[in-house]
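Below is one structure; the comments refer to it alone.
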Amino acid sequence: MSVSAAFFAQAQDVSVIRNTVDVYSSSPMVGSAKFNAMAGANGALGGDANSLLTNPAGLGVAISGEISGTLSVAGNKNSSTWAGSTLDYNKTKTDLGNVGGVIAFPLMTETGWKFINIGINYSNQSLDNTIASPGNDNVVYLTDVNDPDTARALAGHVYNRYGNLSKMSFGVGANYNHSFYVGAGLNFFSADIDQFDRLLYQKLQNNTLEEYQKQNTPYSEKSSGFSASLGVIGKLSPNFRVGLSLETPTFWTIDRDYNYYNDINTGDGAGYENRKLTTPFKATVSAAFVASKNFSLNVDYTLGLTKPDYKVYGAAERELNDFFKENYKNVSEVKVGAEYRIQQFRLRGGYSYMSNPMDALTISRFNDAGDVGDQSYNNLMLNDRNLASFGIGYDFKSFYIDASYQNITSKYSNPFMRGILTNNVDSAYYSAYPDINPNIMTSDAYAVSSVKNTRNNFFLTLGWKF
């Protein structure tokens with residue numbers, strides 16, 4: 001399937017699509033070290049506040065109170081390759097990753113209802129990500145086709161994103177006869193993003209490096225959203241459990257401040273806009289095997305049932321919605337996690353796979369030799385993701401300490417550089433320095449680098465049971 005030319009003619013960059021999918025349409029999944037060690041697979045096990053990240057019915061499994069805090073050390077590496085050259089980006093950030101607590105209320109009644117429990121969970125993750133792509137001397141821009149001294153070669157490109165995404169959840173869970181559990185939760189999201197799109201050219205006459213900013217960038221977004229979740233867990237036997245949870249779409253309000261250039265009336269300046277985004281409705285089915293108090297295994301399968309949808313204020317939102325209707329695939333994720341106990345010691349491991357959210361897309365692009373042609377990509381902008389994790393813990397009865405490690409990998413093709421300028425559309429790149437001539441760069445085709453993203457995350461949790 002080809003990308004709509006009308007969409008990419010709009011004055012917005014590739015990061016709008018990428019952020020819609022992997023920021024606003026995903027949920028923060030940084031839990032406790034135990035949760036992260038089991039790849040987030042706890043939909044039919046439950047028992048702590050992290051149930052609010054998967055299935056709120058898991059709150060009802062708890063039979064005592066608990067509170068915990070988690071320190072996260074998130075490492076992010078991008079290796080971007082094009083035309084035989086590779087640029088690496090590395091960043092490590094330490095932050096408060098998760099805080100959660102459950103208060104258990106035993107019911108002194110003669111009915112089958114044993115507990116009503118209240119849970120609170122806060123999850124936080126960094127959105128910092130830089131994709132720096134190398135240049136290509138074969139891609140040359142001529143200001144004057146009759147004057148070779150005006151030639152400039154593509155020197156590189158950078159997408160920078162900085163910010164955080166958080167999720168605060170409040171929920172209640174109930175326990176019926178230690179065999180059936182039901183729960184509900186309210187989730188409040190917050191995102192803070194600074195996004196840059198910068199293009200570099202080198203003047204061949206004197207090797208001067210010139211920097212250009214994409215129209216309507218850099219931009220800053222401060223966003224808030226909310227969703228609700230419902231869940232149930234049932235024991236089929238003392239050893240087998242199944243669970244089901246539903247999470248409504250997240251309803252986002254996005255406030256954006258951005259820089260614009262070359263306006264016919266005001267020249268350069270700063271603008272503001274507001275957008276409303278509804279993300280996919282999600283369903284999770286779970287199954288767990290509890291062989292004994294020493295071993296448990298959980299499998300979760302999550303499926304997005306709808307697609308991202310912007311409230312239409314004009315042509316930009318309409319074309320965004322058309323793009324997602326044509327090219328977005330319902331995302332699915334499988335998570336498997338296990339825990340083995342040896343007296344007070346805990347050994348944990350997990351694996352998850354998330355599917356590619358995009359169909360194959362065909363675009364016009366420069367190849368390594370600098371020639372333009374159409375090419376189809378099955379991993380443009382985003383791709384599937386693999387996560388492997390393990391962890392250990394020690395239970396001191398009232399207190400416990402857990403540690404875990406995650407390795408997350410994904411490979412995708414990164415398009416950049418395309419920008420056009422017509423009477424109706426402006427998606428060009430503009431010089432950051434007024435004395436550069438020309439101060440506008442345009443291109444009808446993309447350059448595309450191959451990116452390997454690797455994330456190495458460490459977590460440490462301290463908890464107290466009461």
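The values are calculated or read from the model by the stated rules, or taken from the named source; none is laboratory data. Just so it is clear, the model here is predicted, and its values are computed rather than measured. Quick reminder, even Gly has a Cβ in these numbers, built from the backbone with ideal geometry, and neighbours come from all protein chains shown. Only protein heavy atoms, including side chains, enter the accessible area calculation; ligands, DNA and RNA are left aside. Shrake-Rupley method; radii C 1.70, N 1.55, O 1.52, S 1.80 Å.
Figures for the structure shown
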item	result
Gain on full stretching of the segment that runs from residue 395 to residue 142 - 0.36 nm per residue minus C-alpha separation	84.3 nm
Surrounding net charge for residue 278, when Lys and Arg each add one and Asp and Glu each subtract one, Cβ distance under 10 Å	+2
Net dipole in debye of region 112-245 [+1 Lys, Arg Cβ; -1 Asp, Glu Cβ; about Cα centre; nearest 20]	1200 debye
In region 373-418, the chymotrypsin sites (Phe, Trp or Tyr not before Pro) that fall in loop regions by DSSP, at most 14 other Cβ within 10 Å	396
Linear extension gain, residue 85 paired with residue 444, 0.36 nm per residue minus alpha-carbon span	126.9 nm
Solvent-accessible heavy-atom area per residue, rounded to whole Å², over the chain at 1.4 Å	43 Å²
Sparse-neighbourhood loop sites, trypsin sites (Lys or Arg not before Pro) in region 382-434 - DSSP loop, at most 13 other Cβ within 10 angstrom	397
Per-residue [θ]222 nm for the chain (sum of -39500 (n - 2.57) over DSSP H runs n ≥ 4, rounded to 500)	-1500 deg cm²/dmol
Neighbour net charge for residue 329 - beta-carbon separation under 10 angstrom, K R +1, D E -1	0
With every protein chain in place, the chain: carbon and sulfur % of accessible area (1.4 Å)	57 percent
Net +/- balance of residues flanking residue 260 in space, Cβ distance below 10 Å, scoring K and R +1, D and E -1	-3
Candidates per chymotrypsin sites (Phe, Trp or Tyr not before Pro) in region 254-329, loop by DSSP, up to 13 other Cβ within 10 Å	313
